[in-house]
Amino acid sequence: MKKIETIHAVGHVLCHDVTQIIKDKTKGPVFRKGHIVTEEDIPVLLSVGKDHLYVWEKDENMLHENEAAEILFDLCKSEGMKGSEIKEGKIEVLADRDGLLKIDRKKLFRVNVLGEMMIASRHGDFPVKKGDKIAGTRIIPLIIEKEKMERAKEAAEGGPIFRILPFHQKKAAVVTTGNEVFYGRIKDTFGPVVREKLAEYPTEFLGQTLVDDQKEHIQEAILHYIEEGAELVLCTGGMSVDPDDCTPGAIAGLGAEVISYGAPVLPGAMLLLAYYEKDGKKIPIVGLPGCVMYAKRTVFDLVLPRLMADDPVTFEELAGLGEGGLCLNCDRCTFPNCGFGKGVV
């Protein structure tokens, strides 16, 4: 930085805050570090006793924090996002539509490990709504080497760090198994809970079918809904490892690709996720464990948003939920603003 007379400072960038004190009224910065001095600023600066200023000495190999922040924001943004007003090298990334937030975690790490710049975000694979803050970015120093920003571009090469996948209108159906429900010995309480979960997303509910514990009847019910156009089939009941629990075997017997039977999540360890292919399209079939019926938040809340955004779920991703996969069943539930489901692969 260099020291110059204030009257010659127009167009220069301040390297320090300029404080204004008015007795019984205010005390604080009238101009902040990084401010570009204008002609109108000169009288104000002189009025607070600043006959000289320390400004950034321009260098063609360096970038001002705001210029660099624009580059950092461009590495983050994609369709369905917008940026906040730039201030002191900071830009916030905001959702401009509802959807599922996806993060390229490797790129995010590669940029942050460069130093002198940072991107802090909310967790990926969770829903966001229009207007939500997705991430905050900042250039740490007042000026930064152009070469370093080029390295950031290389670290994030190949696409944006953040994406918002839109939720799709889906036809959904429920197949409830169990002799006790089918024969009316007990009332089904699973259906209303599942429909309430589905109502959080754009769904058309095709119906719920109650079947007994026979494998063939379970398969017939699932295939019936798929023929009716179901794009998501949820199976409730019969998901444990007892010999008479036939739902997992029925789903596998359809020829569906079973991604996983079991997940390191509590509540929800007995989740089954499979994809049934029809006419070149993969239709999720989900076996829901009994906890979905009574626990406020379960593995279903972690998987459903991804299914609604047509975001394929892998075995490795389910396995990665182990860290953070324990719901603490808090007296006052704050999900998703908690650690539940925040595992990272």
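The values are calculated or read from the model by the stated rules, or taken from the named source; none is laboratory data. Predicted model, so just to flag it, every value in this text is computed and none were measured. Here the Cβ is made from the backbone with ideal geometry for all residues, glycine too, and neighbour counts use every protein chain on show. We work out accessible area using only protein heavy atoms, side chains counted, and drop any ligands, DNA or RNA first. Shrake-Rupley method; radii C 1.70, N 1.55, O 1.52, S 1.80 Å.
Things to note:
- Under-25-angstrom lysine pairs by C-alpha in segment 183-308, whenever the two are 8 or more apart or on separate chains: 9
- Estimated FRET transfer efficiency when R0 is 45 angstrom, pair Cys338-Tyr54 (beta carbons, to 0.05): 0.50
- Helix runs (DSSP H) in the chain reaching 15 Å along axis by Cα, Kyte-Doolittle at least -1.0: 65-76, 215-227
- Using the Cβ-Cβ distance between Lys187 and Cys330 with R0 set to 30 Å, the FRET efficiency from 1/(1 + (r/R0)^6) comes to roughly 0.55.
- Top positive-direction residue, dipole computed over segment 26-158 with Cβ charges, set Pro127, Val55, Ala95: Pro127
- Amide H contacts under 5 Å for Asp132: Ala95, restricted to partners 5 or more places along the chain or on a different chain, H placed in the peptide plane at 1.01 Å from N.
- Extension reserve of the Arg97-Ser240 stretch, reckoned as 0.36 nm per residue once the Cα distance is removed: 47.6 nm
- With 0.36 nm allotted per residue and the present C-alpha distance subtracted, the Glu228-Ile21 stretch has 67.3 nm of extension available.
- Residues His168 and Glu39, FRET efficiency given R0 of 56 Å [Cβ-Cβ distance, rounded to 0.05]: 0.55
- Bridges between two residues of the chain, per DSSP, are antiparallel at a rate of about 70%.
- Element breakdown for segment 1-71 at a 1.4 angstrom probe: carbon and sulfur atoms account for 49% of the accessible area.
- Overall, the anisotropy analysis places segment 127-271 in the prolate class: the square-rooted eigenvalues a ≥ b ≥ c of its C-alpha gyration tensor yield a/c not less than 1.5, with a/b exceeding b/c.
- Size of electric dipole in the chain: Cβ of Lys, Arg +1 and of Asp, Glu -1, about Cα centre, debye, nearest 20: 1080
- Candidate aspartates and glutamates - alpha carbon under 18 Å from Lys130, same-chain residues fewer than 8 apart omitted: Glu79, Glu85, Glu92, Asp96, Asp98, Glu200
- Taking 7 Å steps out from each Cα toward its Cβ at Lys2 and Lys146 produces label points 1.9 nm apart.
- Taking every protein chain into account, the accessible area of the chain amounts to 51 square angstrom per residue (probe 1.4 Å).
- Averaged over residues, the count of other Cβ atoms within 10 Å places the peptides 273-279, 2-8 in the sequence 273-279, 2-8, highest first.
- Loop-located GluC sites (Glu not before Pro) in segment 288-345 (DSSP state other than H, G, I, E, B) with a sparse environment of at most 14 neighbouring Cβ atoms within 10 Å: Glu323.
- Antiparallel content of DSSP bridges confined to segment 190-345, in %, to 5: 70
- 18 Å Cα-Cα reach of Lys87 towards lysines, excluding residues that sit fewer than 8 places from it in its own chain: Lys33, Lys77, Lys133
- Radius 14 Å from Cβ of Lys197, net charge of other residues (Lys, Arg +1; Asp, Glu -1): +2
- Each Lys or Arg adds one and each Asp or Glu subtracts one; over the other residues with Cβ under 15 Å from the Cβ of Asp331, this totals +3.
- Phi-based couplings in Hz for segment 161-175 (Karplus 6.51, -1.76, 1.60; Gly and Pro marked x): 6, 10, 9, 10, 7, x, 6, 10, 5, 10, 8, 10, 9, 10, 10
- Protection-proxy order for peptides 196-204, 155-163, 258-266, each taking the mean of Cβ atoms within 10 Å per residue, highest first: 258-266, 155-163, 196-204
- Accessible surface of segment 94-187, 1.4 Å probe, proportion on carbon and sulfur as whole %: 51
- Take 86-99, 292-305, 113-126 and order them by the average number of nearby Cβ atoms within 10 Å per residue, most first; the result is 292-305, 86-99, 113-126.
- Unit charges at the beta carbon, dipole of segment 249-306: most positive-side option, Ala252, Ala269, Ile283: Ala269
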